[in-house]
Amino acid sequence: MKNCIVFILILIGFHSHAQWATTWSPSARQLWSVFFVNPNYGFAVGDTGTIIKTTNGGATWTLKSNVTANDLHAVFFLNVDTGFVVGHNRIMRTIDGGTSWTEQYNGSGFVAYSVFFPSHSTGYVVGSNGFIIKTTDYGTTWNSLYTGYGRNFFSVHFPTVDTGYVAGACTPDQGGQQTILKTTNGGGTWFSVNDTLYHWTTFNSVFFINKDVGYVAGQKGTGVIYRTTNGGVSWQHSNITDIGYVNSVYFTSAEVGYAVGAQCEIFKTHDGHDWVNQFQGFGVYWLNSVCFANDTVGFAVGFGGLIMKTTNGGAVAINESPPIISDRFSVSPNPMNNKAVLSSNHSGDAEIIQTDGKIVKSFRVYKSSQEIDLHELPPGLYFIK
């Protein structure tokens with residue numbers, strides 16, 4: 001079968017890129033978590049009690065001072081007024097949009113890493129050494145849950161009020177067994193849904209679309225993502241490459257999702273299985289959390305107060321610079337099959353780019369006609385820059 005490949009020629013002087021814009025927190029502290037109630041209203045939290053807020057879609061951020069000096073690892077809001085931040089020995093709540101915060105739970109010797117509310121009244125917090133607590137009264141009181149697993153829990157997600165999942169660290173003293181736990185009765189009892197093939201994997205993030213379809217992400221030497229379609233009975237390895245580790249995954253639908261992690265990389269999937277790189281840069285930085293306000297508006301935060309935003313799901317945008325004479329280049333035939341001919345009276349570098357911004361081929365253009373080998377590209381629409 002022949003491939004049908006369609007090209008759009010982007011002449012030199014045009015700029016094509018996945019649409020993730022960069023900005024910075026008013027504090028240079030590391031940001032661990034971001035949450036948006038709607039495309040305009042969001043919060044992020046981080047080290048030494050950092051809490052920042054935006055009401056204009058991230059155009060500007062304000063820093064909330066003197067709430068706590070403790071590191072904060074996660075944030076979750078029920079609406080524009082009521083939200084929770086959790087971290088080192090602290091769980092705090094606001095009911096006035098972050099103007100004031102009250103302590104809901106405190107102690108010593110625990111670190112809360114993740115918070116999730118499947119309903120307005122019911123929420124869960126997980127953390128170090130098997131720490132899990134639950135509220136059923138909007139965070140006014142919290143009760144401890146017992147799992148039987150004394151491991152570090154890094155992420156919690158409940159697709160329903162009763163069915164939920166926890167993911168966390170592997171255990172060297174138990175042969176590197178990784179941690180994926182499930183409950184179907186609101187945390188009353190928990191059981192493991194691990195697959196022994198994936199020992200020595202630390203999971204930093206769990207996200208479920210519904211009680212059956214979900215994802216866990218982390219690292220096993222390099223970044224890994226696994227998918228289940230049967231509630232954790234079995235897991236399939238997703239194809240993600242060239243990332244040191246994955247810190248956070250977020251899905252806007254059953255198959256469209258985003259992952260962030262090492263080297264400030266952002267990946268996207270359209271089928272829940274194959275992931276493509278949307279952004280890579282700022283090698284000394286990394287991203288810790290990603291969240292979408294709707295199908296297209298998303299944010300990612302990380303090291304040094306880095307904040308990134310997309311308003312089109314990270315799709316490619318083409319920005320025109322001063323015009324270039326179009327007859328300097330031609331590509332034929334178009335559409336084409338496994339090869340094409342590029343003719344030019346201009347020398348330079350060229351790239352073939354997918355619609356999600358990933359560069360799939362780079363080559364040198366000479367003042368002549370040259371054949372481009374395309375047999376490795378699947379059918380689709382591509383840009384030449």
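Where a number appears in this text, it was derived from the coordinates with a stated rule and is not lab data. Predicted model, so just to flag it, every value in this text is computed and none were measured. Cβ coordinates were reconstructed from backbone atoms using ideal geometry, including for glycine residues, and neighbour counts include every protein chain displayed.
Of the peptides 240-252, 108-120, 216-228, how do they stack up when ordered by the mean number of other Cβ atoms within 10 Å, highest first?
Order by mean packing, descending: 216-228, 240-252, 108-120.
What's log10 of I(q)/I(0) for the range 107-248 at q = 0.09 Å⁻¹, Debye sum over Cα points only, no solvent?
-0.24
As a test of the definition: which semi-axes, in Å, follow for the range 181-255 when you take the square root of five times each eigenvalue of its alpha carbon gyration tensor? Largest first, please.
21, 15, 11
What are the principal axis extents of the Cα atoms in the range 33-94, in Å, biggest first?
31, 21, 16
Treat every Asp and Glu Cβ in the range 27-98 as -1 and every Lys and Arg Cβ as +1, leave all other atoms uncharged, and give the resulting dipole magnitude about the Cα centre to the nearest 20 debye.
The dipole magnitude comes to about 40 debye.
If every alpha-carbon in the range 168-300 counts as one equal scatterer, what log10 I(q)/I(0) does Debye give at q = 0.21 1/Å?
These q points yield log10 I(q)/I(0) values of -1.27.
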